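K.L.:
Submitted below is the structure of interest, expressed as structure tokens.
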Amino acid sequence: FTHGSGPCPLEGRTVIVTSGPTREPIDPVRYISNASSGRQGTAIAEALASQGAIVKFVTGPAEFSKPRGCEIIPVETALEMEAAVTAALPADAAIFAAAVADWRIAQPADAKLKKDGSGTAPALDFIANPDILASVAHLPAGERPALVIGFAAETGNLETHARNKLARKGCDWLLANDVSPGSGVFGGADTRILFLDGTVTDDWGPQSKTAVATKLADRIGKHFAGGN
Ligand code: CTP
Ligand code: CA
């Protein structure tokens, strides 16, 4: 991999990227999941690798899950994703592009659930999954990656939700996008990012997910070069 003919701004930097959905089992053949394609996470991982970073790519089962030039760590559940991220530390930066299931089934059945003939549907009890981004962002200095970057998928007032999420999660940067019906962001090739750090809110405008990936990788390179 080369970055044009110039130097590799992220040479020697280790970056963890989470991507794709998680899959939370109900029984051996059924699960709860979401429509994340892994497209944005994959594009980011490839952009970082092309700038010389050592990329550890922790991915749920997604359509896009094989970024070139990266170490690929496949997982299914949120708990597996959390364990894989923990095992991949330490890192200089961590980027959380995965659409992690917020809840999992409290007690997945060991055997396939069967209809009992009465016509009643089973009730599923959920419990909260760990917040992987928030726990990494709140690691003690020394264990915490110097740069922790989250994503936010929102409907409604994007900026208000995103500012609150940045503070609540404790990350350094947040890339927010509007996933209202009709936006086409989930699974689509294009997106529109609202970038936030502790001080600035910056509308990156409508663009492809690969363009977002390049812009983000460039910004990370500048950050580590002391340029921002
Ligand atoms: N995230 C995570 N672990 C979770 C949930 C979310 O690491 N259990 C990360 C996502 O990868 C993303 C960020 O947190 O980078 C925000 O995810 P999002 O679903 O938008 O936020 P939540 O805190 O789950 O809030 P809500 O879904 O209620 O808006
Ligand atoms: Ca969520």
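K.L.:
Can you give me the number of residues within region 116-153 that are in a loop (DSSP other than H, G, I, E, B) and touching a strand residue (DSSP E or B) at 6+ places or on another chain (Cβ under 6 Å)? Quick ask: steps written out before the conclusion?
P.N.:
Of the residues in region 116-153, the ones in a loop (DSSP other than H, G, I, E, B) are 116-125, 129-131, 138-146.
Next, from what is left, pick out any that are touching a strand residue (DSSP E or B) at 6+ places or on another chain (Cβ under 6 Å): 124, 129, 145.
Residues that pass the stated criteria total 3.
K.L.:
Taking residue 26 as the residue in question, decide whether it is within 19 Å of residue 211 (Cβ to Cβ) and among the β-branched types (Val, Ile, Thr). Write out each step before concluding.
P.N.:
Values: within 19 Å of residue 211 (Cβ to Cβ): no; among the β-branched types (Val, Ile, Thr): yes.
Here the answer is no, as residue 26 does not meet what is asked.
K.L.:
What are the pairs with Cβ atoms under 8 angstrom where one residue, in region 146-163, is within 20 Å of residue 36 (Cα to Cα) and the other, located anywhere, is of a type in the set (Phe, Trp, Tyr)? Sequence gap at least six, or different chains.
P.N.:
From region 146-163, the pairs are 149/96; 149/173; 150/96; 150/173; 151/96; 153/186.
K.L.:
Could you count how many residues in region 154-193 are part of a loop (DSSP other than H, G, I, E, B) and either more than 10 Å from ligand 1 (Cβ to nearest atom) or on the phi > 0 side of the Ramachandran plot (or both)?
P.N.:
Looking only at region 154-193, we keep the residues that are part of a loop (DSSP other than H, G, I, E, B), and these are 155-157, 170-172, 179-189.
If we keep only those that are either more than 10 Å from ligand 1 (Cβ to nearest atom) or on the phi > 0 side of the Ramachandran plot (or both) as well, we get 156-157, 170, 172, 180-189.
Total satisfying the criteria: 14.
K.L.:
Out of all the residues in region 6-32, which are within 22 Å of residue 144 (Cβ to Cβ) and in contact with a Ser or Thr (Cβ under 6 Å, 6 or more places away or on another chain)?
P.N.:
19
Every number in this text was worked out from the coordinates using simple rules, so none of it is lab data. In this text, all values refer to a predicted model and were calculated from it rather than measured experimentally. Positions of Cβ are generated from backbone atoms using ideal geometry, with glycine treated the same way; all protein chains shown enter the neighbour counts.
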